[in-house]
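Everything below concerns the one structure shown next.
What follows draws every value from the coordinates through simple rules; no lab data is involved. Quick caveat, the model's predicted, so the values are computed rather than measured. Here Cβ is always computed from backbone atoms with ideal geometry, including for glycine, and neighbour counts include all displayed protein chains.
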Amino acid sequence: MNRSPTAATPSIVDREPVAGAPVGSAAAAWQFVAKTMAIANMEVRKLRHDPMELLTRAIQPLLWLLIFGQVFGRLHALPTGDLTYTEFLAPGILAQSVLFVAIFYGISVIWERDLGIVHKFLVSPTPRAALVLGKAVSAGIRALSQALIVYIASLALGVRMNLTPHALLGVLFFVMTGAALFATFSLIIASLVKTRERFMGIGQVLTMPLFFASNAIYPTSIMPDWLKWIVAINPLTYEVDGLRALMLTGGESALGLGMDALVLTVTLAFLVGVGARLYPRIIV
């Protein structure tokens, strides 16, 4: 008889150490990575049951590039340097798509609580950080479909894309790290509010300020000083800056790729730690 994914959950996270695994602290690290990837694999497999989710999420970035980008590109009102406005916009729309995929990710945790899956996770020996990070990794994998869509649309619109291997690997890093960061932030919100209706309300309130208070659709040089302070503490700003330097031929990072990567990585690590502490509260 076939077993449902829910019934198989405990076997995924409760498995015994694999024979031949390293010993000591290396073994603990290996087991942490293995359990993190098991959780990520379980989450990604859900896409097989609802592949239309990725297709429907493709509509919004296409509208932004095809309509917003083309219309504002004709105005020539924004100082985008040597880049056309569509070229300037493409990395911002990719970051926006990643944000929108990840920011509502926490609602799945509320569903899992209602189905009793969270209770099974919490009684397993899997570290809470592995549970949170596994879900974050799966959000990053889901976001890769958005990158593919934005790349195809950008190439069709004549955007000069940097397709060298190191640039593509850099984009992969920023997309997955950005998605993991905002998915973990979403999980923290879900742990605090606990109801789907309240979570959706908060998620909708947060997405637009995060997007508009960043460098995604206009350069920071034209912003008022008070807005620049908000932009400076917005993680999306650093994701967009990194993507703009890596995605485009002739693209440059205003903040430095090292700084962009450091801010996203440190913020993700901090949020995973907070999420690991709050995750058990989802059932309270």
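Estimated from helices alone, the mean residue ellipticity of the chain at 222 nm is -22500 deg cm²/dmol (sum of -39500 (n - 2.57) over DSSP H runs with n ≥ 4, per residue).
Pairs of lysines in the chain whose Cα atoms sit within less than 26 Å of one another amount to 10, provided the residues are eight or more positions apart or on different chains. The structure-derived value of Cα extents along the principal axes in Å appears in the list (i) 85, 35, 35; (ii) 60, 43, 40; (iii) 51, 39, 38 under the label (ii). Across the chain, the relative contact order, built from alpha-carbon pairs under 8 Å that are at least six residues apart, equals 25 percent. Ordered by the count of other Cβ atoms within 10 Å of each Cβ, fewest first, 112, 252, 197, 239 give 197, 252, 112, 239.
Alpha carbon centre of the range 98-120 versus the range 208-284: separation in Å? Their Cα centres are 23 Å away from one another. Exposure proxy for 171, 205, 109: other Cβ atoms within 10 Å of each Cβ, ordered fewest to most, give 205, 171, 109. Note on residue 63 and residue 253: their simple-model spin labels are 3.3 nm apart, each label 7 Å out from Cα toward Cβ. Among 248, 187, 206, sorting on how many other beta-carbon atoms sit within 10 Å of each Cβ, with the fewest leading, yields 206, 248, 187. Applying both filters, DSSP loop and at most 12 other Cβ atoms within 10 Å, to the chymotrypsin sites (Phe, Trp or Tyr not before Pro) of the range 177-255 eliminates every site. Residues whose amide H falls under 5 Å from that of residue 248, counting only those 5 or more places apart or on a different chain, are 162, with hydrogens built in the peptide plane.
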